[in-house]
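The structure appears right after this line, and notes come after that.
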Amino acid sequence: MHTRRAALSTIAGAVSLALTLSACGQDDGGASADGSEGGTIGVAMPTRASERWLTDGKSVVDDLAGKGYKTTLVYGDDDPKRQVAQIEKLIEQGVDALIIAAIDNKSMDSVLKKAADAEIPVISYDRLILDTKNVDYYVSFDNEQVGRLQARYIIDELGLEDGKGPFNIELFAGSPDDNNTRYFYDGAMHLLKPYLDTKQLVVRSGETDMDQITTLRWDGPTAQKRMNSVLTKAYRSATVDAVLSPYDGISIGVLNSLKAHGYGSAGKPLPIITGQDAELASVKSIIADEQSQTVYKDLRLLAEMAADMVDDVLNGKTPNLNSRRAYNNGAKPVPAYLLQPTSVDKSNYKDVLVAGGYYTAAELK
């Protein structure tokens with residue numbers, strides 16, 4: 001164990017220099033999978049309520065099994081305290097490494113101190129864990145690019161660069177306790193703000209601040225409730241032309257609200273609605289001309305990269321990294337590998353999702 005942590009420290013130091021120079025139980029929702037003699041990896045995912053996290057969990061377990069590792073997979077079911085307790089139990093069980101997709105990114109410092117004391121390396125998965133030095137690596141997608149892809153779709157579909165408008169837009173953001181929420185929003189606002197400043201885009205509700213537009217736990221019904229309020233308050237005599245939604249579950253909630261308020265007819269068409277994660281229900285919605293767009297993140301590649309990172313760390317190797325400016329979690333820069341997302345709509349879903357093997361044509365019927 002001491003040798004592993006010493007090797008990890010050596011790797012981390014080398015990575016830091018390189019970046020500078022370059023500029024197994026069933027309780028608590030857990031499940032176990034057996035590999036060979038590679039050790040046991042604890043995998044903590046945030047919720048079973050979202051299709052994407054079920055996919056992530058299975059993919060990470062499968063990839064680690066392919067490398068000869070046993071795994072213990074747990075789901076926190078959107079309860080930060082439950083997730084912390086699960087991780088503490090994994091540490092007590094003596095796992096060799098942890099892969100964590102946090103529910104509350106700021107609730108981990110104490111439990112990860114225990115991981116560090118036990119010389120257990122930690123990979124922050126998709127969501128950067130904040131305010132603790134005891135995170136070794138981060139693997140995710142380019143989250144600002146996700147927001148830029150959503151904004152770019154709205155700009156192109158509305159013809160904003162051609163001077164069309166003004167148009168009414170409403171803004172939604174992700175969960176306030178998820179660090180990615182800010183990256184998605186900042187990426188989108190980087191492109192949308194010039195049009196908001198010139199009133200080519202108008203937020204009739206006036207709700208633009210993060211504390212007004214976040215959606216706790218990325219919950220669709222919560223988004224639906226807020227959209228109901230927005231429509232009642234600001235759109236009695238106007239219509240919505242676009243909705244910036246950061247995630248498919250939120251998009252479905254927004255759609256439900258819009259349809260309940262009479263949108264979706266020839267006289268009152270649905271607005272442009274973005275999304276993220278290419279969840280099955282939303283891809284079907286896109287095909288049916290309801291949701292407009294989603295940002296596809298190939299979770300198979302994310303899981304594969306996380307498994308590769310763990311394998312490298314436990315074998316004294318430097319993980320593959322591509323972040324020239326390591327993400328700073330408030331306690332230290334965290335070396336990262338960022339994957340690239342892809343914008344998907346009705347025009348390219350077959351080429352991206354079906355030809356790419358993510359869904360079959362039969363699944364999308």
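The values are calculated or read from the model by the stated rules, or taken from the named source; none is laboratory data. What you see is a predicted model, and the numbers here were worked out from it, not measured in a lab. Neighbour counts run over all protein chains shown; Cβ positions are idealised from the backbone, glycine included. Keep in mind that these areas ignore ligands, DNA and RNA; they rest on the heavy atoms of the full protein, side chains included. Shrake-Rupley method; radii C 1.70, N 1.55, O 1.52, S 1.80 Å.
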Can you show me the helix-derived [θ] at 222 nm for the chain, built from DSSP H runs with n ≥ 4 at -39,500 (n - 2.57) apiece and divided by the number of residues, rounded to the nearest 500.
-13000 deg cm²/dmol
For the stretch 138-189, what is the Kirkwood estimate of the hydrodynamic radius, computed as the reciprocal of the mean inverse distance between distinct Cα atoms, to one decimal in Å?
12.1 Å
Rounded to the nearest whole number, the Stokes-Einstein translational diffusion coefficient of the stretch 184-240 at 37 °C and 0.692 mPa s (Kirkwood radius, C-alpha pairs) in µm²/s is 259 µm²/s
Tell me, in nm to one decimal, what length is gained between GLU51 and ILE287 on full extension, where the rule is 0.36 nm per residue of separation less the Cα-Cα distance?
83.1 nm
Whether the stretch 226-365 is rounded, prolate or oblate, judged on the alpha carbon gyration tensor where a/c under 1.5 counts as rounded:
oblate
Where a ≥ b ≥ c are root eigenvalues of the Cα gyration tensor, a/c under 1.5 meaning rounded, otherwise prolate if a/b exceeds b/c and oblate otherwise, the stretch 62-133 counts as prolate
Return the equivalent ellipsoid semi-axes of the stretch 95-141 as a descending list in whole Å, where each equals the square root of 5 times an eigenvalue of the C-alpha gyration tensor.
16, 12, 8
Report, as a whole number in µm² per second, the diffusion coefficient that Stokes-Einstein gives for the stretch 132-226 at 20 °C and 1.002 mPa s using the Kirkwood radius over alpha carbon pairs.
148 µm²/s
Whole-percent tail of the Cα-Cα distance distribution for the stretch 28-164, cut at 28 Å, equals 25 percent
What ratio of Cα Rg to 2.2 N^0.38 Å holds for the stretch 141-289?
0.95
Inter-site label distance for THR232 and LEU301 at 7 Å from Cα along Cβ, in nm:
4.3 nm
In the stretch 172-272 the accessible area split gives carbon plus sulfur, as whole percent at 1.4 Å, a share of 51 percent
If all Cα-Cα distances of the stretch 281-341 are sorted into 5 Å bins from 0 onward, what percent lands in each bin, rounded to whole numbers?
4, 15, 16, 16, 17, 9, 9, 9, 4, 1, 0
Give the cross-link partners of LYS193 among the lysines, using a straight C-alpha distance below 21 Å as the criterion and excluding same-chain residues fewer than 8 apart.
LYS164
Students often get this wrong: which residues of the stretch 78-108 have the backbone nitrogen under 15 Å from the point 7 angstrom along Cα-to-C-beta of ASP117?
88-94
Scaled by the rule-of-thumb 2.2 N^0.38 Å, the alpha carbon Rg for the chain gives a ratio of 1.03
Against the empirical 2.2 N^0.38 Å scaling, what ratio does the C-alpha Rg of the stretch 249-314 come to?
1.58
Would you work out the Kirkwood radius for the stretch 88-191? I mean one over the mean of 1/r across all pairs of different Cα atoms, in Å.
15.8 Å
Residues of the chain: accessible area per residue with a 1.4 Å probe, Å²:
41 Å²
